[in-house]
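Trainee: Handing you a structure now.
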Amino acid sequence: MSARPELVCPAGTPAALRDAVDAGADSVYCGFQNATNARNFPGLNFTAEELRTGVAYAHGRGAKVLLAINTFPPAGKFSLWRDAVDTGVALGVDAIIVADIGVASYAARTHPTQRLHLSVQASASSPEAIRYYCREFGVKRVVLPRILTVSEIKSIVSEIPCEIETFVFGNHGLMLEGRCSLTNYATGVSTNMDGVCSPAAQVRFEPAEGGALMSRLGDHAIDRFESGEKAGYPTICKGRYTTRCRQEPYYAFEEPVSLNLGPMLAELVRAGVNAFKIEGRQRSRAYVKRVVSAFRGGIDAVLEGREPNVGDLISLTEGQKQTEGAFKTKRWR
Amino acid sequence: MAGCVQLTLGPLLFHWPIEAKRDFYARIADEAPVDVVYLGEVVCSKRAPFSEPHYPEIAERLARAGKRVVFCSLAEVMLRRERQMTAELCALTDYEVEINDASGLAAIGGRPHRIGQFFNVYNEETLRHLVHNGATHFTLPAELPRDSVAILADAARACGVTLEVQAFGRTPLALSARCYHARAHGRVKDNCQFVCEEDPDGMVLSTLEGRDWLVINGVQTLSYPYLCLLDRIHGLQRIGVTHLRLLPHALDMIAVARLFRGVADGILEPAEAQTRLLASGAIPALTNGFCQS
């Protein structure tokens, strides 16, 4: 068995950072309050001063802080990303999570000793792509896109010179991260450049006939919920549409569902995964406490040779449905 | 500068029967006023074996007609066969290669190559790094704002490389590992039976209110309206864009290319060209896409 895997937890706010560390996170990941990270939501993320305090709190308890600077700066705005990198390095974060080649290049050139991780937003899904980032920028860990089976991950492990991190819980986006402009197409706000997927400011729920509720993103109808049905957040890749070959509206991409790899932890450890990531910087402190504790217990159980049991987290999942997604079987594709 | 912008025919994103493909490129070779033709499967590796045996003949015919032929790599690489395809493509010596995923950058080993629109080039730092790796030509992602395109055009000129943007065709919006064509037909990618061949311009998704909105092409999602930048050609030329990409659709692409050439050469007004384009009835809706200024 490989070295002890790291539990990487979301910290959307300073309070969530402390909660995650207290609940057993080996590391937390967070971002600044601007477009430099992929969860650029109002009320979320850190000022430089808050991050300084957060780093001290985490380091004081043996946990690491990973700074996500994982969006793609459009030409003309690069200085915001450059400043974020410089600030992160100055505050002593343990790693910077990058996606853009320009940002990676700047960070590697300017701060050659700073540890870099490759974000899932870079969509590096082959050993060759991963090796490119390792060779060019000295990337030490890659966060894999959620599209590979465990056996495929295992074979990648043997072909790359860096660590592997995989998501184990949380939102389950269907599109390759970093390669999706659907939100921009619908709203004029870009996931890659602005760090926002389905911006809340453009979400509406409107009454429809028969007591139903229509969810909208911008002007676009994304889903319809009958009276009494729980209305989900309108994300384009979890919406319902019609098409020529289907009689009824259907979830063309995926149903509202969350990833939960709790039952597969032992298999993932055996495959050589070095770090397990929990998604959800936008989620509540209660979510962070419960999910981090559950996965802390699960990983410890695996390391002690026991069967992991992450308990019942279904109430915390989107649409109260969970999936093992692509990890379990090729038939997910 | 007017008149010197080059027109390119981008890679065919959809799955057409090989006979249709051969006829299409034969006509392009003989009649289309395009300078560059991109060949190769970008979207789905399962489709590639149908076309591969025919590419030498197609490429040779295009080259004989004076077109510059470029072979494109897959936009998404994860399976063994996809890695193999990318490695083989990057070993080509007779033709230029366009890379659409970082997998290709490792394989190309610093030899001259192009960077395609599926590769995230958003800023000058990225462009310069890739030039250092051997890139000579860039096609930018469709969502880049015009101001950023202008800055990148300056950077490209300073580096001695050329710059292309998509000017016609449905806009690629997303890629996935899951095949949504197969899913719509109750199948999965491994037993898709190439059902995407039924939709030569993609499968339309409409909202619950009946508005045609998105288009599915296997693992890819595109816009329903066709991007059309006829009225931006001169502006794009002015800021230093050197090439305009027309993405192939199942309509008279010769006529489309002639309209774009006519406007670029200043012998046709953009509004007149757009009227003629719509008059054919083959295009359901036009948009100027992410290009907002």
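The values are calculated or read from the model by the stated rules, or taken from the named source; none is laboratory data. Here the structure is a predicted model, which means the values were calculated and not measured. For neighbour counting, all protein chains shown are included, and Cβ atoms are generated from backbone atoms with ideal geometry for every residue, glycine included. In case anyone asks, the SASA skips ligands and DNA or RNA and just uses the protein heavy atoms, side chains included. Shrake-Rupley method; radii C 1.70, N 1.55, O 1.52, S 1.80 Å.
Trainee: Among the residues of the range A:42-53, is there at least one that is touching a residue at least 40 places away in the same chain (Cβ under 8 Å), touching a Leu at 6+ places or on another chain (Cβ under 8 Å) and not in a loop (DSSP other than H, G, I, E, B)?
Mentor: For the range A:42-53, residues touching a residue at least 40 places away in the same chain (Cβ under 8 Å), touching a Leu at 6+ places or on another chain (Cβ under 8 Å) and not in a loop (DSSP other than H, G, I, E, B): present.
Trainee: Hey, another quick one. For the list (1) more than 19 Å from the chain's Cα centre (by Cα); (2) within 25 Å of A:Ser284 (Cβ to Cβ); (3) in contact (Cβ under 8 Å) with a residue 40 or more places away in the chain, I need the number of the one condition that A:Thr183 fails.
Mentor: Going through the list (1) more than 19 Å from the chain's Cα centre (by Cα); (2) within 25 Å of A:Ser284 (Cβ to Cβ); (3) in contact (Cβ under 8 Å) with a residue 40 or more places away in the chain, A:Thr183 breaks only (1).
Trainee: Given A:Ala35, A:Ala3, which one is touching a Gly at 6+ places or on another chain (Cβ under 6 Å), in a loop (DSSP other than H, G, I, E, B), surrounded by fewer than 24 Cβ atoms within 10 Å (Cβ to Cβ) and touching a residue at least 40 places away in the same chain (Cβ under 8 Å)? Spell out the reasoning first.
Mentor: On the way: A:Ala3 fails: touching a Gly at 6+ places or on another chain (Cβ under 6 Å).
The conditions single out A:Ala35.
Trainee: Which residues, counting only those in the range B:155-189, are hydrophobic (A, V, I, L, M, F, W, C), more than 9 Å from chain A (Cβ to nearest Cβ), in contact (Cβ under 8 Å) with a residue 40 or more places away in the chain and open to solvent by 10 Å² or more (accessible area, probe 1.4 Å)?
Mentor: B:Val165 - this is the single residue of the range B:155-189 that is hydrophobic (A, V, I, L, M, F, W, C), more than 9 Å from chain A (Cβ to nearest Cβ), in contact (Cβ under 8 Å) with a residue 40 or more places away in the chain and open to solvent by 10 Å² or more (accessible area, probe 1.4 Å).
Trainee: Just for the range B:87-101: of the residues that are in contact with a strand residue (DSSP E or B) (Cβ under 7 Å, 6 or more places away or on another chain) and in a helix (DSSP H, G or I), which one is nearest to the other protein chains (Cβ to nearest Cβ)?
Mentor: B:Cys90
Trainee: Right, next: Given the condition open to solvent by less than 20 Å² (accessible area, probe 1.4 Å), under 26 Å from A:Thr317 (Cβ atoms) and within 14 Å of another protein chain (Cβ to nearest Cβ), answer yes or no: does some residue in the range A:130-141 qualify?
Mentor: Within the range A:130-141, none of the residues are open to solvent by less than 20 Å² (accessible area, probe 1.4 Å), under 26 Å from A:Thr317 (Cβ atoms) and within 14 Å of another protein chain (Cβ to nearest Cβ).
Trainee: Name the residues in the range A:170-199 that are at the interface with another protein chain (Cβ under 10 Å from one of its Cβ atoms), open to solvent by less than 10 Å² (accessible area, probe 1.4 Å) and assigned to a loop (DSSP other than H, G, I, E, B), would you?
Mentor: Selection gives A:Leu174, A:Leu176, A:Gly178, A:Ser190.
Trainee: Name the single residue, out of those in the range B:107-118 being without any contact (Cβ under 8 Å) to a residue 40 or more places away in the chain and buried (at least 20 other Cβ atoms within 10 Å of the Cβ), that is nearest to the other protein chains (Cβ to nearest Cβ).
Mentor: First, the residues of the range B:107-118 that are without any contact (Cβ under 8 Å) to a residue 40 or more places away in the chain: B:107-113, B:115.
From the residues that got through so far, the ones that are buried (at least 20 other Cβ atoms within 10 Å of the Cβ) too are B:107-108, B:113, B:115.
Values: B:Ala107: 6, B:Ile108: 10, B:His113: 13, B:Ile115: 10 Å.
It comes out as B:Ala107.
Trainee: Kindly establish whether B:Arg83 is buried (at least 17 other Cβ atoms within 10 Å of the Cβ) and in contact (Cβ under 8 Å) with a residue 40 or more places away in the chain.
Mentor: So B:Arg83 fails the test.
Trainee: Another question about this same structure. Identify all residues within the range B:119-154 that are more than 24 Å from B:Leu9 (Cβ to Cβ), out of contact with any helix residue (DSSP H, G or I) (no Cβ under 7 Å at 6 or more places or on another chain) and open to solvent by 10 Å² or more (accessible area, probe 1.4 Å); write none if there are none.
Mentor: B:His132, B:Pro145, B:Asp147, B:Asp154
Trainee: Another question about this same structure. Restricting attention to the range A:273-282, does a residue exist that is among the basic types (Lys, Arg) and surrounded by fewer than 21 Cβ atoms within 10 Å (Cβ to Cβ)?
Mentor: No, the range A:273-282 has no match at all.
Trainee: Considering only residues that are assigned to a helix (DSSP H, G or I) and over 18 Å from the mean Cα position of the chain (by Cα), which ones fall in the range A:250-263?
Mentor: Step one: of the range A:250-263, the residues assigned to a helix (DSSP H, G or I) are A:262-263.
Scanning the range A:250-263 gives a single hit, A:Pro263.
Trainee: Hey, can you tell me all the residues within the range A:316-333 that are of a type in the set (S, T, N, Q) and either under 19 Å from B:Ser176 (Cβ atoms) or open to solvent by less than 70 Å² (accessible area, probe 1.4 Å) (or both)? Reasoning before the result, please.
Mentor: Taking the range A:316-333 first, the residues of a type in the set (S, T, N, Q) are A:317, A:320, A:322-323, A:329.
Those that are of a type in the set (S, T, N, Q) and either under 19 Å from B:Ser176 (Cβ atoms) or open to solvent by less than 70 Å² (accessible area, probe 1.4 Å) (or both): A:Thr317, A:Thr323, A:Thr329.
Trainee: Continuing with the same structure: Count, please, the residues in the range B:48-58 that happen to be surrounded by fewer than 21 Cβ atoms within 10 Å (Cβ to Cβ) and touching a Phe, Trp or Tyr at 6+ places or on another chain (Cβ under 8 Å). Before the answer, list the steps.
Mentor: Keep residues of the range B:48-58 that are surrounded by fewer than 21 Cβ atoms within 10 Å (Cβ to Cβ), which gives B:48-57.
In the following step, the residues that additionally are touching a Phe, Trp or Tyr at 6+ places or on another chain (Cβ under 8 Å) were identified as B:55.
The total comes to 1.
Trainee: Here is a further query. Report, by residue number, each residue of the range A:203-249 that is within 13 Å of chain B (Cβ to nearest Cβ), open to solvent by 20 Å² or more (accessible area, probe 1.4 Å) and within 24 Å of the chain's Cα centre (by Cα).
Mentor: Those that are within 13 Å of chain B (Cβ to nearest Cβ), open to solvent by 20 Å² or more (accessible area, probe 1.4 Å) and within 24 Å of the chain's Cα centre (by Cα): A:Arg216, A:Thr235, A:Arg240.
Trainee: Does any residue in the range B:124-141 that is more than 10 Å from chain A (Cβ to nearest Cβ) come within less than 8 Å, Cβ to Cβ, of a residue that is open to solvent by less than 30 Å² (accessible area, probe 1.4 Å) and modelled with pLDDT under 95 six or more places away or on a different chain, and which pairs are these?
Mentor: Pairs that qualify, where the first residue is more than 10 Å from chain A (Cβ to nearest Cβ) and the partner is open to solvent by less than 30 Å² (accessible area, probe 1.4 Å) and modelled with pLDDT under 95, are B:Gly134/B:Ile108.
Trainee: Of these, A:Ser119, A:Ser126, which one is within 28 Å of B:Met85 (Cα to Cα), open to solvent by less than 10 Å² (accessible area, probe 1.4 Å), of a type in the set (Gly, Ala, Ser) and more than 11 Å from every other protein chain (Cβ to nearest Cβ)?
Mentor: Checking each option against the conditions leaves just A:Ser119.
Trainee: Residue check, B:Gly104 against (1) buried (at least 23 other Cβ atoms within 10 Å of the Cβ); (2) assigned to a loop (DSSP other than H, G, I, E, B), all met but one. Which one?
Mentor: With respect to (1) buried (at least 23 other Cβ atoms within 10 Å of the Cβ); (2) assigned to a loop (DSSP other than H, G, I, E, B), B:Gly104 is out only on (2).
Trainee: Next up: Going through the range A:1-34 one residue at a time, which ones are more than 18 Å from A:His117 (Cα to Cα) and either among the polar types (S, T, N, Q) or touching a Pro at 6+ places or on another chain (Cβ under 8 Å) (or both)?
Mentor: A:Ser2, A:Thr13, A:Ala16, A:Ala20, A:Gln33, A:Asn34
Trainee: Within the range A:46-76, take every residue that is surrounded by 18 or more Cβ atoms within 10 Å (Cβ to Cβ), of a type outside the set (A, V, I, L, M, F, W, C) and within 14 Å of another protein chain (Cβ to nearest Cβ) and give me the one that is nearest to A:Ala108 (Cα to Cα).
Mentor: Checked the range A:46-76; the qualifying residue nearest to A:Ala108 (Cα to Cα) is A:Asn70.
Trainee: Out of the residues in the range A:283-311 that are surrounded by fewer than 17 Cβ atoms within 10 Å (Cβ to Cβ) and among the aliphatic types (A, V, I, L, M), which is nearest to A:Ala23 (Cα to Cα)?
Mentor: A:Ala286
Trainee: Among what's in the range A:311-333 and is part of a helix (DSSP H, G or I) and basic (Lys, Arg), pick the residue that is farthest from the other protein chains (Cβ to nearest Cβ).
Mentor: Applying the filter and picking the extreme gives A:Lys328.
Trainee: Here is a list: B:Leu208, B:Leu230. Which entry is open to solvent by 10 Å² or more (accessible area, probe 1.4 Å) and among the hydrophobic types (A, V, I, L, M, F, W, C)?
Mentor: Of the residues listed, the single one that is open to solvent by 10 Å² or more (accessible area, probe 1.4 Å) and among the hydrophobic types (A, V, I, L, M, F, W, C) is B:Leu208.
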